[in-house]
Amino acid sequence: MKKPRRIFLLIGLALCATISAYAQSTYVTFSVDMATNIALGTFNTSTQRVEVQGNFEGWSSGDTLVQEGSSGIFTNTFDVSDSSMIEGTTNGQIQYKFVIQPGSSYESTYSGANRSALIPINPSPASFVLPTPFFDDDGAPVTNLVTFNVDMQEQYILGTFPANGYVTIPGNFNDWDSGLDELTNDVSNTNIWYGTFPLIVSPNAAVAFKYYGNPTPTWEEPSAVNLDSGGNRFFAATNETLPLVYYSDEAPAPNCALTLGVDMSVVAAEDPYFESSTVVLYGSFNGWNTAVP
């Protein structure tokens, strides 16, 4: 009588595993506007197709998009749950480009990098719809008001960002000039710097940028999940307020008391001119630039 019961349990375990796998599926809808290419004769809907290729499918065969009626928009939905996306704590990043076939004509984006998007993975959504850019980011430019904001709290704590410092946002929209587009310090929370700027680009164009600390020349170093293929932060241009992030994605660490010491007895015995006050400490905790007695 034990044998049937054992078989029943195994079937139950297999069924639970199957349900769990399906529950983790994430379906992402990709779409691209081919209207400019159709008008210019660089894309023929009768003899050519447009695909999306990316790290979610190994940059290999490509997934074909389908035309929406007689419009210039091509779209389709694919499961990216088993992809090789770049993973973070709460988000996974996919990188992709649209490709005209036959001929493997890859688009060139406004940022010069692959398109990138963050997909929530904790918890994972059942579906996710990405913005619709023009192929090559070649649509008629529109003005988008974009608000940037960054938290410098950890840099203040470490002493790597001076009290008289300020933050700018170099990007492909201002030729990566670190002296342009200065952010404003929030009077209600002096850790935060923010600013709203007009971006005149093709709708949903791929934009790249980084936060930059002045006057000491300092480019931030965000975590891998927030970097596009060019090594910069990214977003698709539209009227929006970007999420508040920590500079270099460094959240404030909890304060702790640490006593460090060094034995200078040999130096003191051999050097009659030794002064204990000349012993100081440098380290990553103070940015290697402020001596601690």
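Here, each number is a calculation from the coordinates, and none is a lab measurement. What you see is a predicted model, and the numbers here were worked out from it, not measured in a lab. Neighbour counts run over all protein chains shown; Cβ positions are idealised from the backbone, glycine included.
The table that follows gives values for the structure above.
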quantity	calculated
Extension gain, residue 143 back to residue 178 (0.36 nm per residue minus Cα-Cα distance, nm)	10.4 nm
Scaled radius of gyration (Cα, divided by 2.2 N^0.38 Å) that segment 117-262 gives	1.18
Mean residue ellipticity (222 nm) of the chain, computed from DSSP H runs ≥ 4 via -39,500 (n - 2.57), nearest 500	-4000 deg cm²/dmol
Rounded tilt (10° steps) of 2-23 against the dominant C-alpha axis of the chain	80 degrees
Distance cut-off 34 Å, percentage of C-alpha pairs in the chain lying past it	41 percent
For segment 97-114, 3J(HN,Hα) per residue [Karplus equation, 6.51 cos²θ - 1.76 cosθ + 1.60, θ = phi - 60°, Hz, x = Gly/Pro]	8, 8, 9, 8, 10, x, x, 6, 8, 6, 6, 10, 7, 4, 7, x, 10, 5
Environment charge of residue 263, counting only residues whose C-beta is closer than 15 Å and scoring Lys/Arg +1, Asp/Glu -1	-2
Residues residue 224 and residue 27, FRET efficiency given R0 of 25 Å [Cβ-Cβ distance, rounded to 0.05]	0.55
Residue-count net charge about residue 249 - beta-carbon cut-off 12 Å; Lys, Arg +1, Asp, Glu -1	-3
